[in-house]
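Data first, discussion second: the structure below is written as C-alpha cells.
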Amino acid sequence: MKTSRFPHLASRFLLLVFFLALFFASPALAQDPTPIIPDDEVNAIAKEMFCPVCENVPLDVCPTQACDQWRELIRQRLAEGWSEQEIKNYFVEQYGDRVLAEPPRTGLNWLVYILPPVIVLLGLGIVIRVLHSWKVQTAQATASAKPPTLDDDYVRRLEDELKRRN
C-alpha cells in the first residue's frame, strides 16, 4: 500500500509557517507601547535648564545638537516614569548646578536671593535721604533769603511806579 506524502508535507509546511509567524510576531508582542510625550512637557522641564554648550541659553530654545539630545533624553526619562525633580537631579549629577536656571538655595547661593532686595532697599533709603536733604536745603535757602529792600534802585523805581498807578 502506497501512502501519500502530500498530507505529511502539508502539515510540515503549515507547522513551519506557524513557527515563522510566532517568530516574527513575538518581538512585537513583547514590546510595551511607548507613551508619546508631548513637546510641551519636555519644554516645561527644558525651560528650567540651561544649554551645556551655549552660555546662558535656555535648553528649550537652544538649536544645538547637544540640546536636541538632552531634550530627547528628557523625553525618554519622562516615558520611563521619572519625575521632573529626578530628571533635574540626573542632569545636576552629570553637569553640575550650572545647568539649572534657578540655582539651589544652599550655601553661598543664598546671596543670589538675598543681595538684590537688600541693594534695592539700600538704594531706596539713599534716594529718600537725598530728597529729604534737598527739601531741607530749599527750606533753609528760602528762610535765609532777604526780602528786597528799598535800597535797590530797581525795586525803588518799581515801588514808585506802583504808587503812581494807584
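At a glance:
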quantity: Any pair with Cβ under 7 angstrom, 6 or more apart, that starts in region 133-154 at a residue that is loosely packed, with under 10 Cβ neighbours inside 10 Å and at pLDDT 70 or above and ends at one that is in a loop (DSSP other than H, G, I, E, B) and basic (Lys, Arg); calculated: none
quantity: Tabulated pairs, region 39-52, first assigned by TED's automatic domain parsing to the domain that holds Arg77, second among the small types (Gly, Ala, Ser) and assigned to a helix (DSSP H, G or I), C-beta under 9 angstrom, 6+ apart or interchain; calculated: Cys51/Ala66; Pro52/Ala66
quantity: Verdict on Trp110 being surrounded by 11 or more Cβ atoms within 10 Å (Cβ to Cβ) and among the hydrophobic types (A, V, I, L, M, F, W, C); calculated: yes
quantity: Residue in region 53-64 that is exposed (fewer than 13 other Cβ atoms within 10 Å of the Cβ) and modelled with pLDDT of 85 or more present; calculated: yes
quantity: Residue within region 139-161 that is of a type in the set (A, V, I, L, M) and in contact with a strand residue (DSSP E or B) (Cβ under 9 Å, 6 or more places away or on another chain) present; calculated: no
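For (1) farther than 30 Å from Asp40 by Cβ; (2) at pLDDT 90 or above; (3) of a type in the set (Phe, Trp, Tyr), each residue gets a yes or a no:
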| residue | (1), (2), (3) |
| --- | --- |
| Glu86 | no, yes, no |
| Tyr90 | no, yes, yes |
| Tyr95 | no, no, yes |
| Arg98 | no, no, no |
| Glu102 | no, no, no |
| Leu108 | yes, no, no |
| Tyr113 | no, no, yes |
| Pro117 | yes, yes, no |
| Leu121 | yes, yes, no |
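The values are calculated or read from the model by the stated rules, or taken from the named source; none is laboratory data. This is a predicted model, so every value here is computed, not measured. In this analysis, Cβ positions are derived from the backbone assuming ideal geometry, glycine residues included, and neighbour counts consider all displayed protein chains.
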